[in-house]
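Have a look at the structure below before the remarks.
The values are calculated or read from the model by the stated rules, or taken from the named source; none is laboratory data. Quantities reported herein were computed from a predicted structural model and do not represent experimental measurements. Glycine gets a Cβ as well: all are built from the backbone with ideal geometry, and neighbour counts include every protein chain shown.
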Amino acid sequence: MLDTRLLVLFQGETLAAHPGYHEGFQRLQSEGFLADYRAIPYYGFTREHGWPALWDEAARQVREYGINAVFLQFFHGSPIPDPTAGIQQLLTCPTKPTLFTSLGDPFGIILRPVPKSYMMASRLAHLNFMTSMGLIAKQLARSGVNNLILMPHGACQVRFSAPLILTSYNPEFDVVFIGSNMRSRWLVGSASWYGVSRKRLVAKLTRRFGSRFGLFGKGWEGHPTWQGAINFDKQHEAIHRSRLQIGGYPSTGSKNDYYLSDRPFIAMAAGIPFIDYWVPGVERMFAHGSEWWLGRSLDEMVNHVERLLQLSDDARLAIGGRARQEILSNHTQYHRCMQMIDIVSRNRIMRLSGKNADPPSLPFLRFDADPKSGPCPAVVNWQA
């Protein structure tokens, strides 16, 4: 395979903002899948030097180190000025690098639309990786964005790989929920609906389980089951205090096909059985009824909790252990780095040889879709 020499422009002030991706690319270099790997955290760099200097520095590294692939990671968030001139500067370097982007949030069509910075960058990119598809992918395709490829979030293997210590496992809760009490500024729309639904979930679990329900997150002050907010890196500590965990409704209120935040992957890596809310397409990632449990309604989710509580602790831990192994074997951020680099490298080979590349296969989609969900394309507007 073509030697890939990668430069990543990371979203964040420092590389510590994305330790799983940084370690993932470092590991790929040590394993020989990358010939070179270099990184610049673009918010930290531009805060000190400005955006024109970022593009100049990126172009310098592309020329000096023979970089042939440039990744604009999660190129959205705080306002980013028009990147067109900077990207064109990179694309005209002698190595003609393959440019690829990623979209990390499930943006909407009217409310919370895709930021202009990503729209402009993705139109110029060769490949664009998405954490959700459906309506948002169709919108981007209509806007002139090609080669939209599903690439879900994953569990950060740096922060969430430690095993459950069985000798000290003594759960005080039957079920825990980790999530903030959302207050959408929109009075209508999916974000508001999901915020209300999350409150109903918490209320129902509280009525059913009382003190055996553990509630963690921001904005629940005064709630009788509230255990306080929890640091992002400490999620497994809360999960290990319970027999089951429930994910509930996405914090962004997404209805986009396939969308999962990184929370389900982190949760399943804890080794405790996990119940979540169904989003179209996600049933293709894990086996419902053996690796996770999906509910299409509040009642269905709580029914899954009830049935799983009828099992012994040993049976539940065996289920959780299988799901944890699946995450650590196939769904960490290291695996997402590997999957993106494999697609980018293969695509570059075909592009440089003047041939059309076939749409990529996606190894994380293992199961046929639920017929009820309808078609959920995972590659959209393929033009390579």
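Test Tyr37 against the criterion of being assigned to a helix (DSSP H, G or I), assigned by TED's automatic domain parsing to the domain that holds Ile349, at pLDDT 95 or above and within 24 Å of the chain's Cα centre (by Cα), and give yes or no. No, not satisfied. Restricting attention to segment 62-103, the residues being under 15 Å from Leu127 (Cβ atoms) and of a type in the set (Val, Ile, Thr) number 4. Based on what the data block shows, is Ile266 of a type in the set (Val, Ile, Thr) and in a strand (DSSP E or B)? No; evaluated as a whole, the condition is false for this residue. Considering only residues that are within 16 Å of Phe274 (Cβ to Cβ) and in a helix (DSSP H, G or I), which ones fall in segment 206-236? Within segment 206-236, Gln235, His236 qualify. Any idea which of Gly289, Gly271 is among the small types (Gly, Ala, Ser), outside the structural domain of Ile109 (by TED's automatic domain parsing) and either touching a strand residue (DSSP E or B) at 6+ places or on another chain (Cβ under 7 Å) or at pLDDT 95 or above (or both)? Only one candidate passes the filter, namely Gly271.
Highlighted here are the strands (runs of 3 or more DSSP E) found entirely within segment 49-146 that include at least 1 residues which are buried (at least 21 other Cβ atoms within 10 Å of the Cβ) and free of Cβ contacts under 8 Å to residues at least 40 places away in the same chain: 98-103, 127-130. Taken as a whole, segment 47-59 holds at least one residue that is closer than 17 Å to Thr4 by Cβ and in the same structural domain as Ile341 (by TED's automatic domain parsing). Somewhere in segment 295-313, is a residue closer than 27 Å to Gly210 by Cα, under 25 Å from the mean Cα position of the chain (by Cα) and assigned to a strand (DSSP E or B)? Yes, because at least one residue in segment 295-313 is closer than 27 Å to Gly210 by Cα, under 25 Å from the mean Cα position of the chain (by Cα) and assigned to a strand (DSSP E or B). For the criterion of being part of a helix (DSSP H, G or I) and either touching a residue at least 60 places away in the same chain (Cβ under 8 Å) or surrounded by 19 or more Cβ atoms within 10 Å (Cβ to Cβ) (or both), Ser329 fails.
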